[in-house]
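Below is one structure; the comments refer to it alone.
The values are calculated or read from the model by the stated rules, or taken from the named source; none is laboratory data. The structure displayed is predicted, hence computed values, not measured ones. Because the Cβ atoms are built from the backbone with ideal geometry, glycine has one as well, and the counts that use them run over all protein chains shown. Please note that ligands, DNA and RNA were not included when accessible areas were found on the heavy atoms of the full protein model with its side chains. Shrake-Rupley method; radii C 1.70, N 1.55, O 1.52, S 1.80 Å.
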Amino acid sequence: MKATIIGGGIIGLSSAYYLSESGWEVTVLDKDDFQNNCSYGNAGYVCPSHFIPLATPGIVKQGLKWMLDATSPFYVQPRLDRALFDWGWKFFRSATPQKVEAAAIPLRDIAIISQKEYEKWTTIPGFDFSYEHKGLLEIFQTSAGREHAIHTVEKGKQLGLDVDLLDENQLRQLEPQTTINGQGAILFRCDAHLYPNKLMAGLLALLKDKGVQLLSNQKVTGFEKSAGKIAKVVTEKTAIPTDAVIIATGSWSRETAALLDTKIPLVAGRGYSITLENSPYKLNHPAILLEGRTAVTPMDGNKIRFGGTMEITSTNTPPRMNRVEGILRAVKRFLPDFDIPMPEASAIWWGYRPCSADGLPYIGRTNRFKNVVIASGHSMLGLSLSAGTGKLVGEIVNEKPLSMDISPFSVERFN
Ligand SMILES: Cc1cc2nc3c(=O)[nH]c(=O)nc-3n(C[C@H](O)[C@H](O)[C@H](O)COP(=O)(O)OP(=O)(O)OC[C@H]3O[C@@H](n4cnc5c(N)ncnc54)[C@H](O)[C@@H]3O)c2cc1C
């Protein structure tokens, strides 16, 4: 039986792994060359702690204030676009305390499944992606930040996660070699991190070894339909007969799903990162700088990566390099010893997070075509949730019992 996966980001590759493991003949198609997409330059967190989705009442209020500042951490590029209005309205409707509360459990569950799968992957011979399970700090500077931290720790404990609040001294003891301007931090012991570039390279090599076909420069433009099923996936160059189709086209998934008359509200949330390959600056733990909305990740030995900003924009808009200044300013405010000059444009990475309207991914079959599964919309959590998503995709396609209730991820929940 042949499965065709559209999209060679971490979600497509993880799905390919589980389908290939269960005996499918798998082809992965990508419009580019598999060497750069959102799954490469991200912060590398594998984080059950992120049980709060993007759509929260706080982000709506804060976002309205930030909207006009192009260096702010959350920015919606104003434009006349029906898909953006539709998404914005659904995002606003999802940002209620009740919906945020309800989202926490499925987000925790899929993250834990995913983390367990990643831990299994670390035992696959030759597949090293610098996975470290040593926790994640979320450092705060203000009393509002402390309030948020107290609430998050309480909620995290209720969800059974290993999490604690640290005061300034306890934080200093964990990071004695670095000056930190912070009142304290949350320590999420439950979290891990890895080096995404190594994960992607390793997974591509592993899939090749397993006989998975990886076809570059094959933009999918349509489908041949027959009796409520997809018979062929059509690209700019060819048409591929298939028994099952997985759509994992990240920020382009709304357009891909539309080719199947399926609506998923989704926009691209651009973020940027820079990586020092041989960093003179040290942190023992990855850290989120809360009020600066910036992620700092020491990874793969001496590397350190700084990333952030959420810019809701079109994938065709040229990158705004001045947003990186906002990231570096936040780093300096929290870590005053870190003197990082604005890098050359060529050293700045950017990627497009596939943002669903409620911060939960879309995972499941479409209503119209029984052999199509969508796996997308993971927003800020695609890396963290990918191994779990791939496992679920394998279970759905093989009609096996599911590792968790996936109804909160229903593809057509907004219809
Ligand atoms: C700055 C930043 C930091 C982040 N940090 C974290 C983190 O610490 N932890 C975490 O979990 N997540 C993080 N994320 C989010 C995470 O990177 C994404 O959620 C994840 O990479 C999305 O993976 P994906 O496979 O869905 O999409 P992508 O990686 O974008 O892959 C989609 C692929 O589909 C292909 N494609 C699109 N359309 C077509 C078509 N028509 N035909 C063929 N191919 C097509 C594209 O070329 C692309 O290769 C971060 C993101 C950013 C920007």
**Message:** Can you work out the Karplus-derived ³J(HN,Hα) for every residue in the range 308-321? Use 6.51 cos²θ - 1.76 cosθ + 1.60 with θ = phi - 60°, whole Hz, and x for glycine or proline.
**Reply:** x, 6, 10, 10, 6, 8, 8, 6, 9, 6, x, x, 9, 5
**Prompt:** What does the accessible area per residue of the range 83-198 come to in Å², with a 1.4 Å probe and no ligands, DNA or RNA counted?
**Reply:** 48
**Message:** Counting only other residues whose beta carbon sits under 14 Å from that of Glu132, what net charge do I get with K and R as +1, D and E as -1?
**Reply:** +1
**Prompt:** Tell me, what % of the accessible area of the range 314-415 is carbon and sulfur with a 1.4 angstrom probe?
**Reply:** 52
**Complete:** Asserting the computed 222 nm helical MRE of the chain (DSSP H runs at least 4 long, -39500 (n - 2.57) per run, divided by residue count, to nearest 500) equals -10000 deg cm²/dmol
**Asked** How much length is gained if the chain between Ser314 and Ala227 is pulled fully straight, taking 0.36 nm per residue apart and subtracting their Cα-Cα distance, in nm to one decimal?
**Response** 27.8 nm
**Request:** Once you have the Cα-Cα distance between Ala201 and Glu344, take 0.36 nm times their residue separation minus that, and quote the gain in nm to one decimal.
**Result:** 49.0 nm
**Prompt:** Between Leu214 and residues 5 or more places away or on another chain, which pairs have amide H atoms under 5 Å apart, with H built 1.01 Å from N, and which residues are they?
**Reply:** Val28
**Prompt:** Looking at this model, which pairs from Lys232/Lys400; Lys198/Lys219; Lys134/Lys155; Lys120/Lys282; Lys90/Lys155 are more than 27 angstrom apart at the alpha-carbon?
**Reply:** Lys120/Lys282
**Message:** Suppose all protein chains stay in the model; what accessible area per residue would a 1.4 Å probe give for the range 211-310, in Å²?
**Reply:** 38
**Request:** In whole angstrom, note down how far apart the Cα centers of the range 310-333 and the range 190-267 are.
**Result:** 28
**Item:** Solvent-accessible area, 1.4 Å probe, carbon plus sulfur percent, for the range 126-211
**Value:** 47
**Fill in**
Length-normalised contact order of the range 197-244, Cα under 8 Å, at least 6 apart, in percent, tallies to 23
**Fill in**
Summing +1 per Lys or Arg and -1 per Asp or Glu among the other residues with Cβ less than 13 Å from Arg270's Cβ gives +2
**Asked** How big is the accessible area of Ser22 in square angstrom, nearest 10, if you roll a 1.4 angstrom probe over the protein chains?
**Response** 60
**Request:** Nearest 5 is fine: what % of DSSP beta bridges in the chain come out antiparallel, could you say?
**Result:** 70
**Asked** Using 7 Å Cα-to-Cβ label points, what is the Thr238/Asn398 separation (nm, one decimal)?
**Response** 2.7
**Prompt:** Using θ = phi - 60° and the Karplus form 6.51 cos²θ - 1.76 cosθ + 1.60, what ³J(HN,Hα) does each residue of the range 268-278 get, whole Hz, x for Gly and Pro?
**Reply:** 8, x, 6, x, 10, 8, 10, 10, 8, 6, 10
**Prompt:** Which distance in Å, rounded to a whole number, links the C-alpha centroids of the range 119-155 and the range 357-380?
**Reply:** 26
**Asked** Expressed as a rounded percentage, what relative contact order does the chain have, with Cα pairs under 8 Å and six or more residues apart?
**Response** 27
**Message:** Among Ile348, Trp24, Tyr362, whose Cα projects farthest towards the positive end of the dipole of the chain, with charges put on the beta-carbon of Lys, Arg (+1) and Asp, Glu (-1)?
**Reply:** Tyr362
**Message:** With θ taken as phi - 60° and the coefficients 6.51, -1.76 and 1.60, list the Karplus ³J(HN,Hα) couplings across the range 42-52 in order, rounded to whole Hz; mark glycine and proline as x.
**Reply:** 7, 7, x, 7, 10, 9, x, 5, 8, 8, 9
**Prompt:** At a 1.4 Å probe, what is the % contribution of carbon and sulfur to the accessible area of the range 1-42?
**Reply:** 46
**Average silhouette area of the chain, convex hull of alpha-carbon atoms, in square nanometres** = 18.8
**Asked** When the dipole is taken about the Cα centre of the chain, and only Lys, Arg (+1) and Asp, Glu (-1) are charged at their Cβ, what size is it in debye, to the nearest 20?
**Response** 920
